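One structure below.
The values are calculated or read from the model by the stated rules, or taken from the named source; none is laboratory data. All values derive from a computational prediction rather than experimental measurement. Here the Cβ is made from the backbone with ideal geometry for all residues, glycine too, and neighbour counts use every protein chain on show. Please note that ligands, DNA and RNA were not included when accessible areas were found on the heavy atoms of the full protein model with its side chains. Shrake-Rupley method; radii C 1.70, N 1.55, O 1.52, S 1.80 Å.
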Amino acid sequence: MHHRTTWTPVQPPPSPTADTTRLTAELAVVASGARRRAVRDGDRQTDTAHLLHSLVESDPEVREMFDGGPQLARVLGYLVQRSIGYGLRWQGTREDSGAFPALPEPGAGTWSPSAAAALDRAVRSAALRGEPRAGGLDLLAALVADPRCRAVEVLERAGADAARVALRAAGRLAEARRAG
């Protein structure tokens, strides 16, 4: 009989490629939750699926970007399955879709290159709107902008149209910019 030994990686402080000081308080909680989830799941890095999971659980405005309760339930179902089977093939691997440049990290970093790039894009998106900090919709739009990241893979497997989610998020952010 095989006994599984639980391994919990030690995560270093956030890398400079993922500056969490430029996130709203709510989004900083999301980032922290994603890091805790990665440690609990035994993953070496926090990836885009961890960020998506924490974001969907924490942000009601992000949940509104999906096509109702059944689709949202499927997305959350896939995210929950990550630690019990679906995402096990990702365990111990580094997420780097290569779609967006990420600064190289010395050694094992806290964020996967794709997650660091998404956080950076979210911060830059907020800055372009004149906001000092990125919010949940900024991060959602940044996640779905990378069609080869794990977050988009989860969305697609759950039947959510990532492009449609991106359009909704962009529309809501544009409304906020016009209102502000």
statement: Contact list, first residue from region 45-67 and in a helix (DSSP H, G or I), second anywhere and among the β-branched types (Val, Ile, Thr) and open to solvent by 10 Å² or more (accessible area, probe 1.4 Å), beta-carbon distance below 7 Å, six or more apart or interchain, is 58/29
task: Tell me which residues, restricted to region 158-177, are open to solvent by 20 Å² or more (accessible area, probe 1.4 Å) and not in a helix (DSSP H, G or I).
output: 159, 161
message: For region 36-53, give me each residue that is small (Gly, Ala, Ser), over 14 Å from residue 118 (Cα atoms) and surrounded by 20 or more Cβ atoms within 10 Å (Cβ to Cβ).
response: 38
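To keep it simple, each residue is scored yes or no on (1) out of contact with any Ser or Thr (no Cβ under 9 Å at 6 or more places or on another chain); (2) over 25 Å from residue 113 (Cβ atoms); (3) in contact (Cβ under 8 Å) with a residue 24 or more places away in the chain.
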{"residue": "135", "(1), (2), (3)": "no, no, yes"}
{"residue": "138", "(1), (2), (3)": "no, no, yes"}
{"residue": "150", "(1), (2), (3)": "no, no, yes"}
{"residue": "168", "(1), (2), (3)": "yes, yes, yes"}
{"residue": "171", "(1), (2), (3)": "yes, yes, no"}
message: Looking only at region 106-157, filter to residues that are of a type in the set (A, V, I, L, M, F, W, C) and part of a loop (DSSP other than H, G, I, E, B); which one of those is surrounded by the most Cβ atoms within 10 Å (Cβ to Cβ)?
response: 149
